[in-house]
Amino acid sequence: MAAVTSFHSFTVNCNLGAFFRMKRSRLPCMNEVLQSSPAVKQPKLGCCPSLSQTHMCAALLDWGNLPHHVVLRVFQYLPLIDRARASSVCRRWNEVFHIPDLWRKFEFELNQSATSYFNSTHPDLIQQIIKKHAAHLQYVSFKVDSSTESAEAACDILSQLVNCSIQTLGLISTAKPSFMNMSKSHFVSALTVLFVNSKSLSSIKIEDTPVDDPSLSILVANNSDTLRRLKMSSCPHVSSDGILCVADHCQGLRELALNYYMLSDELLLALSNETHVNLEHLRIDVVSENPGQIEFHSIKRQSWDALTKHSPGVNVVMYFFLYEEEMETFFREETPVTHLYFGHSVSKEILGRLGLNCPRLIELVVCANGLQVIDNELICIAEHCKNLTALGLSECEVSCSAFIEFVRLCGRKLTHLSIMEEVLIPDDVYSLDEIHTEVSKYLGRIWFPDVMPLW
């Protein structure tokens, strides 16, 4: 009996051995089928599920056979040095590295820290990429740190983009504006090369740079038919005449960001010309470089009216970084501002003017108001600014009753309501524990005031 059992066991083991040898011999063939098949199905091997899973993993982990469009998508998220390294993995990835679509959009990150991309990339690699793929670049941005060396490196690359059709250009300083610390002639020269050689620029972000009026004239001369967006806040070498030249000749301009000192009645009238397309977005930064030494000019109501008549849907966004005594000029007449942000303390008088002279107001953020209660001012805004949908308050004082009345007047159209708990002052009617219930009732959703975290 034992001999029979032993013989039976020996027969089964031999059969299993033959089975596995047969499967191993078929593995290359199976891999070819799996790689060529658009949909890989799980084979039914009943008695050997682990072997089936091994075959599946071998097929799915063959990264070299990923479709081009998948590898292309991955490459688009990689910085330049990582793209170059990945291209040496296999022939298929190297082919993707040279696909023109990969180089239509690219961001140069130029930093000087020890672990940064810029230090780890050999200049010859950058030169090779520019030589081979400059013609494909369309959407280009340069992100630099606070060092002058990074800004100069960006300009060196910029001046070499002579055989390309760039549509979007962005110069971004991640820390203090390093472009302002470099030679103005070097910057303008590099930017001029791009303006002359690119005939299809549609979007430009050159904030905090030494760009000047003559370089804007070159921009207009070569790209007036295509320019749609221009962001150039904090460019001290550009005058109101320089920005007026852009508005006069770039009839397709839809978005514009600038400092208040560049804003003029003539500019608003140029943007309101019947041959000009409807302006969609106008951002104005009101910043005082020398506190107490600058007297801000006023804009006539007729100029604002001309703009809103020509472009009724325009968003007028204003950022204020002024001290209270510097704001006397503003909001004395009706102003079509839609989004308003106060970065410094603002007086009760100015807030009172908003309700009377800003009927198009959609969003209001007040970072500070001192210790004066602004109950009446807030209710006036709710009564007259019928389009208001967002409010943010910090370092202000509002009684709980006045705040609830404000919310009641605005109702459910208030989609964003960010109020620090310290802003709300309990009174005889409502306490802090009760206010969230009343506000939630009028908003139609659960609401609580924001609380400053204690670390």
Please specify each residue of the stretch 416-434 satisfying the condition of being open to solvent by 70 Å² or more (accessible area, probe 1.4 Å), under 33 Å from the mean Cα position of the chain (by Cα) and of a type in the set (D, E, K, R). 422
The conditions are (1) of a type in the set (A, V, I, L, M); (2) open to solvent by 60 Å² or more (accessible area, probe 1.4 Å); (3) over 17 Å from residue 264 (Cα atoms), and residue 354 fails exactly one of them. Which is it? (2)
If residue 278 satisfies every condition in (1) surrounded by 18 or more Cβ atoms within 10 Å (Cβ to Cβ); (2) modelled with pLDDT of 90 or more but one, which is the exception? (1)
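Please report, ordered by residue number, the strands (runs of 3 or more DSSP E) entirely within the stretch 148-238 with at least 3 residues that are open to solvent by less than 30 Å² (accessible area, probe 1.4 Å).
Numbers: elements: 168-173, 203-205, 229-231.
Ranges flagged: 168-173.
Tell me, which residue of the stretch 357-373 that is assigned to a loop (DSSP other than H, G, I, E, B) and among the polar types (S, T, N, Q) is most open to solvent (accessible area, probe 1.4 Å)?
In this case the residue turns out to be 372.
May I ask you to list the residues in the stretch 162-192 that are among the β-branched types (Val, Ile, Thr) and over 19 Å from residue 103 (Cβ atoms)?
Pass one, the stretch 162-192, residues among the β-branched types (Val, Ile, Thr): 162, 166, 168, 172, 174, 188, 192.
172, 174, 188, 192 - these are the residues of the stretch 162-192 that are among the β-branched types (Val, Ile, Thr) and over 19 Å from residue 103 (Cβ atoms).
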Quick check: is even one residue across the stretch 202-224 farther than 22 Å from residue 177 by Cα, out of contact with any helix residue (DSSP H, G or I) (no Cβ under 6 Å at 6 or more places or on another chain) and at pLDDT below 90? no
Exception for residue 413 within (1) over 19 Å from residue 369 (Cβ atoms); (2) touching a helix residue (DSSP H, G or I) at 6+ places or on another chain (Cβ under 8 Å); (3) surrounded by fewer than 15 Cβ atoms within 10 Å (Cβ to Cβ) falls at (2)
What residue, among those in the stretch 239-270 that are open to solvent by less than 30 Å² (accessible area, probe 1.4 Å) and hydroxyl-bearing (Ser, Thr, Tyr), is nearest to residue 312 (Cα to Cα)? 264
Of the residues in the stretch 336-354 that are in a loop (DSSP other than H, G, I, E, B) and at pLDDT below 95, the one that is nearest to residue 389 (Cα to Cα) is 346
Given (1) crowded, with 20+ Cβ neighbours inside 10 Å; (2) closer than 22 Å to residue 335 by Cα, index of the condition residue 390 fails: (1)
Residues in the stretch 310-351 that are under 24 Å from residue 371 (Cβ atoms) and open to solvent by 70 Å² or more (accessible area, probe 1.4 Å): how many? 6
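The values are calculated or read from the model by the stated rules, or taken from the named source; none is laboratory data. Remember, predicted model here, so these are calculated numbers, not experimental data. Positions of Cβ are backbone-derived with ideal geometry, glycine not excepted, and every protein chain shown enters the neighbour counts. SASA here: full protein model, heavy atoms, side chains in, ligands and nucleic acids out. Shrake-Rupley method; radii C 1.70, N 1.55, O 1.52, S 1.80 Å.
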